[in-house]
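The values are calculated or read from the model by the stated rules, or taken from the named source; none is laboratory data. In this text, all values refer to a predicted model and were calculated from it rather than measured experimentally. Because the Cβ atoms are built from the backbone with ideal geometry, glycine has one as well, and the counts that use them run over all protein chains shown. Each accessible area value is taken on the protein alone, full model and side chains, heavy atoms only, with ligands, DNA and RNA left out. Shrake-Rupley method; radii C 1.70, N 1.55, O 1.52, S 1.80 Å.
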Amino acid sequence: MLSVPEVYRLADAIEPRYRALVLLATFGNLRWGKLAGLRRRNLDLDNRSVRVVETVYELGQLVKGTPKSAASIRKVVLPELIIPELQRHLDRFAAPGPDGFVFVGVKGGQLRRSNFSKPWARALAKAGLPAEVHVHDLRHTGNTLAAEAGASLAELMSRMGHSSTRAAKVYLHAREERDQQLATTLDKMARRELKRSASTRNAGRSGMQRARRRSNGP
């Protein structure tokens, strides 16, 4: 998983036409095929949402299709933070018309993993991130962030486009582990504060006792 600052470092480092792809893959929880198959009409910036209804499969040639399961066809609400970025992308880089693809290559053709691998590798190096980071890790990051934000099992399944609980439970388990870490940190902080408060009170009592002894005299 990447941190949010690492995601933005990567977005800053990659070619401008792919910056919005990095952000949407993360905060929209989208796989590569869904990003490659996304059309303008399915990106509703006014309502901060993306409709996942198409995908692209690379089988030697590009094959347009629909998601494999009914659960994969969904609407994902996006954070306000990335909406201006997506609007700039539509204005500068997306193919024209409602059926135009949101993400296209330099010459306006559809995205291919093979063509994207080089700008991705350059961006990782420029951002100082490990070469082992894959595009799919952006979706993994988004799923983890959604779990940490408090998404329920059903909400995670819907956002991820899964009909099985298995994958969503992995992220909920990670959130529970994070909750435990936070609780442990809170415990240590509380103990330090109590200890400091007790020391202050004891020091105050000792000072009062010394003052009484001096006032009472021998």
- Message: Return the residues of the stretch 51-70 that are part of a strand (DSSP E or B), modelled with pLDDT of 85 or more and within 13 Å of residue 101 (Cβ to Cβ); say none if nothing qualifies.
- Response: 55, 56
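Are any of the residues in the stretch 173-182 within 44 Å of the chain's Cα centre (by Cα) and modelled with pLDDT of 75 or more? Full working, then the answer.
Restricting attention to the stretch 173-182, the residues satisfying the condition of being within 44 Å of the chain's Cα centre (by Cα) are 173-182.
Still in the list and also modelled with pLDDT of 75 or more: none.
Within the stretch 173-182 (the criterion being within 44 Å of the chain's Cα centre (by Cα) and modelled with pLDDT of 75 or more), the answer is no, since none of the residues qualifies.
Which one is surrounded by the most Cβ atoms within 10 Å (Cβ to Cβ) among residues in the stretch 105-118 that are among the hydrophobic types (A, V, I, L, M, F, W, C) and out of contact with any Phe, Trp or Tyr (no Cβ under 7 Å at 6 or more places or on another chain)? Before the answer, list the steps.
Filtering the stretch 105-118 down to residues among the hydrophobic types (A, V, I, L, M, F, W, C) leaves 106, 111, 116.
Subset that is out of contact with any Phe, Trp or Tyr (no Cβ under 7 Å at 6 or more places or on another chain): 106, 116.
Details: 106: 10, 116: 20.
That would be 116.
Out of 131, 125, 121, report the one residue that is open to solvent by 20 Å² or more (accessible area, probe 1.4 Å) and part of a loop (DSSP other than H, G, I, E, B). Talk me through it step by step, then tell me what you get.
Numbers: 125 fails: part of a loop (DSSP other than H, G, I, E, B); 121 fails: part of a loop (DSSP other than H, G, I, E, B).
Unique residue meeting the criteria: 131.
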- Query: Pick from the stretch 34-50 the residues that are surrounded by fewer than 19 Cβ atoms within 10 Å (Cβ to Cβ) and assigned to a helix (DSSP H, G or I): which of them is nearest to the chain's Cα centre (by Cα)?
  - Reply: 42
- Can you tell me which residue within the stretch 148-169, out of those that are modelled with pLDDT of 75 or more and more than 15 Å from residue 76 (Cβ to Cβ), is most open to solvent (accessible area, probe 1.4 Å)? 166
- Message: So residue 77 ticks every box in (1) crowded, with 16+ Cβ neighbours inside 10 Å; (2) without any contact (Cβ under 8 Å) to a residue 40 or more places away in the chain; (3) under 22 Å from residue 154 (Cα atoms) but one. Which box is left unticked?
- Response: (1)
- Message: Can you report the number of residues in the stretch 18-33 which are basic (Lys, Arg) and either part of a helix (DSSP H, G or I) or open to solvent by less than 20 Å² (accessible area, probe 1.4 Å) (or both)?
- Response: 1
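Suppose we filter 58, 54 for residues that are surrounded by 15 or more Cβ atoms within 10 Å (Cβ to Cβ), among the acidic types (Asp, Glu) and free of Cβ contacts under 8 Å to residues at least 24 places away in the same chain; which single one remains?
After applying the criteria, what remains is 54.
In the stretch 1-17, how many residues are touching a helix residue (DSSP H, G or I) at 6+ places or on another chain (Cβ under 6 Å) and in a helix (DSSP H, G or I)? Give the steps one after another, and end with the answer.
Let us first name the residues in the stretch 1-17 that are touching a helix residue (DSSP H, G or I) at 6+ places or on another chain (Cβ under 6 Å), namely 1-2, 7, 9-11, 13-15.
Filter once more, so that each one left must be in a helix (DSSP H, G or I): 7, 9-11, 13.
Total satisfying the criteria: 5.
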